[in-house]
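*Asks:* Provided herewith is a single structure, encoded as structure tokens, for subsequent inquiry.
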Amino acid sequence: MLGTGILKGLYITAKNLVGSYYSSERLTTIQYPEQRAQLPENYRNFPFLVYDGEDAIDGLRCTACKMCEKECPPQCIYIIPERDEKGKLQKKPKVFDIDISVCMGCGICAEVCPFESIKMDHHFEVAQRNRFAGLLLHREQLAKSNKYYHSIRPKEATAVDESLAEEKRKAEEKAKAAAAAKEAAAKAAAAKAADAAKAKTDDLEEKKN
Ligand code: SF4
Ligand code: SF4
């Protein structure tokens with residue numbers, strides 16, 4: 001029948017309107033900012049950089065590989081890697097800026113990062129009077145602890161911790177195996193040299209006799 005859909009819609013609206021006075025489940029709005037809705041874990045806003053340990057800069061997981069900078073569609077990430085006193089590149093960023101007035105919150109940077117360093121934040125109250133400098137976030141503002149990461153994305157952060165621990169375990173095992181192989185090779189070389197020296201001495205002794 002013509003108009004049934006409209007009537008159904010009006011019925012649902014009226015039911016929720018009246019019901020909202022009796023059941024908070026039917027309330028679709030809250031008194032923000034006094035009240036705050038629980039954001040779903042996968043909600044994403046702007047990116048931040050995860051650090052481990054106590055020092056926000058030394059503990060950054062970022063290796064300044066620039067993968068995120070390259071893949072960011074609107075090109076709003078800017079990275080300069082750190083260098084040592086001899087000018088050798090270091091695996092950490094000296095400058096890491098994100099212009100969040102340009103960032104579209106796509107999350108591609110977080111997806112492509114091979115070091116679990118850049119993640120998407122839940123923080124959305126970022127309005128500033130100065131739309132240029134105020135929205136250009138630097139390394140110091142972007143750095144947030146792994147504890148914070150766990151507080152907003154507990155499942156994801158736990159999975160990341162497990163995967164990083166597994167990677168570390170494998171790397172340690174590999175290093176241990178390589179060290180053992182190196183030691184065995186050194187021992188074999190030393191034994192060979194000793195055998196050669198002994199053979200030479202025996203030879204000389206034989207000639208003397
Ligand atoms: S969320 Fe998207 S737009 Fe924003 S910095 Fe990451 S890749 Fe760039
Ligand atoms: S955040 Fe990740 S992808 Fe971006 S430079 Fe750092 S390590 Fe590379």
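The values are calculated or read from the model by the stated rules, or taken from the named source; none is laboratory data. Everything numeric here is computed off the predicted structure, so don't read it as measured data. Here Cβ is always computed from backbone atoms with ideal geometry, including for glycine, and neighbour counts include all displayed protein chains.
*Asks:* Among (1) free of Cβ contacts under 8 Å to residues at least 60 places away in the same chain; (2) not in a loop (DSSP other than H, G, I, E, B), where does Cys109 come up short?
*Replies:* (1)
*Asks:* Could you check segment 131-151 and list, in sequence order, the residues that are surrounded by fewer than 19 Cβ atoms within 10 Å (Cβ to Cβ), aliphatic (A, V, I, L, M) and modelled with pLDDT of 95 or more?
*Replies:* Once the filter is applied, which keeps residues that are surrounded by fewer than 19 Cβ atoms within 10 Å (Cβ to Cβ), aliphatic (A, V, I, L, M) and modelled with pLDDT of 95 or more, segment 131-151 yields Leu135, Leu136.
*Asks:* In segment 143-186, how many residues are among the small types (Gly, Ala, Ser) and either in contact with a strand residue (DSSP E or B) (Cβ under 8 Å, 6 or more places away or on another chain) or under 30 Å from Phe124 (Cβ atoms) (or both)?
*Replies:* We begin by selecting, within segment 143-186, every residue among the small types (Gly, Ala, Ser); these are 143, 145, 151, 157, 159, 163, 165, 171, 175, 177-181, 184-186.
The next check asks that each one be either in contact with a strand residue (DSSP E or B) (Cβ under 8 Å, 6 or more places away or on another chain) or under 30 Å from Phe124 (Cβ atoms) (or both); those that pass are 143, 145, 151, 157, 159, 163.
Within segment 143-186, residues that are among the small types (Gly, Ala, Ser) and either in contact with a strand residue (DSSP E or B) (Cβ under 8 Å, 6 or more places away or on another chain) or under 30 Å from Phe124 (Cβ atoms) (or both) number 6.
*Asks:* Same structure again: For segment 181-195, indicate whether the set of residues that are free of Cβ contacts under 8 Å to residues at least 60 places away in the same chain and under 30 Å from Asn146 (Cα atoms) is non-empty. Give the derivation first.
*Replies:* So the first thing to find is which residues in segment 181-195 are free of Cβ contacts under 8 Å to residues at least 60 places away in the same chain, and the list is 181-195.
Subsequent filtering for residues that are under 30 Å from Asn146 (Cα atoms) retains none.
Looking for residues that are free of Cβ contacts under 8 Å to residues at least 60 places away in the same chain and under 30 Å from Asn146 (Cα atoms), one finds none in segment 181-195, hence no.
*Asks:* Also, I was wondering about something else. Filter segment 61-92 down to the residues that are of a type in the set (A, V, I, L, M) and more than 16 Å from ligand 1 (Cβ to nearest atom), then identify the one that is farthest from the chain's Cα centre (by Cα). So that I can check it myself, show each step before the final result.
*Replies:* Of all residues in segment 61-92, those of a type in the set (A, V, I, L, M) come to 64, 67, 77, 79-80, 89.
Okay, now just the ones that are also more than 16 Å from ligand 1 (Cβ to nearest atom), so 80, 89.
Details: Ile80: 18, Leu89: 21 Å.
My answer is Leu89.
*Asks:* Look through Val95, Val126, Val160 and report the one residue that is part of a helix (DSSP H, G or I) and surrounded by 12 or more Cβ atoms within 10 Å (Cβ to Cβ). Walk me through how you get there before you give the answer.
*Replies:* Details: Val95 fails: part of a helix (DSSP H, G or I); Val126 fails: part of a helix (DSSP H, G or I).
Answer to the check: Val160.
*Asks:* Give segment 67-92 a look and list any residue that's under 13 Å from Ser117 (Cβ atoms) and surrounded by 14 or more Cβ atoms within 10 Å (Cβ to Cβ), or say none.
*Replies:* Met67, Cys68, Glu69, Ile77, Ile79, Lys92
*Asks:* Which ones in segment 98-123 are more than 9 Å from ligand 2 (Cβ to nearest atom), surrounded by 14 or more Cβ atoms within 10 Å (Cβ to Cβ) and either acidic (Asp, Glu) or not assigned by TED's automatic domain parsing to the domain that holds Ala56 (or both)?
*Replies:* If the condition is that a residue be more than 9 Å from ligand 2 (Cβ to nearest atom), surrounded by 14 or more Cβ atoms within 10 Å (Cβ to Cβ) and either acidic (Asp, Glu) or not assigned by TED's automatic domain parsing to the domain that holds Ala56 (or both), then Asp99, Asp121 are the ones that fit.
*Asks:* Looking at (1) part of a helix (DSSP H, G or I); (2) more than 16 Å from ligand 2 (Cβ to nearest atom); (3) within 24 Å of Cys76 (Cβ to Cβ); (4) touching a residue at least 60 places away in the same chain (Cβ under 8 Å), find the lone condition where Lys155 falls short.
*Replies:* Of (1) part of a helix (DSSP H, G or I); (2) more than 16 Å from ligand 2 (Cβ to nearest atom); (3) within 24 Å of Cys76 (Cβ to Cβ); (4) touching a residue at least 60 places away in the same chain (Cβ under 8 Å), only one is false for Lys155: (3).
*Asks:* Here's a follow-up. If Cys62 satisfies every condition in (1) surrounded by 12 or more Cβ atoms within 10 Å (Cβ to Cβ); (2) away from ligand 2 (no atom under 14 Å from the Cβ); (3) assigned to a loop (DSSP other than H, G, I, E, B) but one, which is the exception?
*Replies:* (2)
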